[in-house]
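The values are calculated or read from the model by the stated rules, or taken from the named source; none is laboratory data. Not measured: the values here are computed from a predicted model. Every residue, glycine as well, gets a Cβ built from its backbone with ideal geometry; the counts of neighbours run over all protein chains shown.
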């Protein structure tokens, strides 16, 4: 009798353990990761970047106007590419099962008159987010244009030196610029925040649902004006604490991985960054 009770006890314990393990696995956070093609501009084409995304197991790539095609030498990815080039660009992403998670920043657009050109390109390519850092006074106009094309505007920021009047560089300033607009959101760059010694955890919690996408870095030096990026997890930031804060606010957008110190050989740093975030 005691033996039977012991056996049943073991069975129940195993069931409970398996149930707990299964529950833990179900609730483990899967973070959507993307590579920024800008980081690869010196050494790779868009075909190379998409292939690397597939090899590293990340879900997306952010397009930059600085990246070129391999098939069409010297052709950069801009709204000026023709129908054949657009179809080819769509195909390389579709074939790799990789998403174009955003387009923009770089050289355009900063003039409101360019809105139709860029946003119609996004609509045609199925790109849901256009990254923008134009004059804050144009936001009401841009919001209306974004609605017209079914594209969200992600307001990017650098430091105050880039354009202090916009006030995008501080969490408070960014919130004041985007909070009243349905189609304009915040794209937070923790690397630029670190340069100005901004508390990223407080920033995330202040902006909360306004954050549509992240540019994610881990600089080696907090407060340094220059570029000191390390692979994620090897820099000075408390990455687990940042991830915890993002989980607490329910962020479910893309972590667009950047590292502005490795443009001559991005792959090793990107691989480490992906591995770190997959394990955390």
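Here is how the numbers come out for the structure above:
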quantity	calculated
Residue in the stretch 261-277 that is assigned by TED's automatic domain parsing to the domain that holds residue 60, over 24 Å from residue 51 (Cβ atoms) and within 15 Å of the chain's Cα centre (by Cα) present	no
Qualifying position, being touching a helix residue (DSSP H, G or I) at 6+ places or on another chain (Cβ under 7 Å), under 20 Å from residue 36 (Cα atoms) and either assigned to a helix (DSSP H, G or I) or in the same structural domain as residue 103 (by TED's automatic domain parsing) (or both), among 201, 232	232
Among the candidates 245, 194, residue that is buried (at least 22 other Cβ atoms within 10 Å of the Cβ), part of a helix (DSSP H, G or I) and touching a residue at least 12 places away in the same chain (Cβ under 8 Å)	194
Lone unmet requirement of (1) closer than 20 Å to residue 59 by Cα; (2) touching a residue at least 40 places away in the same chain (Cβ under 8 Å) for residue 79	(1)
Boolean, residue 166 is over 16 Å from the mean Cα position of the chain (by Cα) and at pLDDT below 95	yes
Residue count, the stretch 256-276 (criterion: assigned to a strand (DSSP E or B) and surrounded by fewer than 23 Cβ atoms within 10 Å (Cβ to Cβ))	0
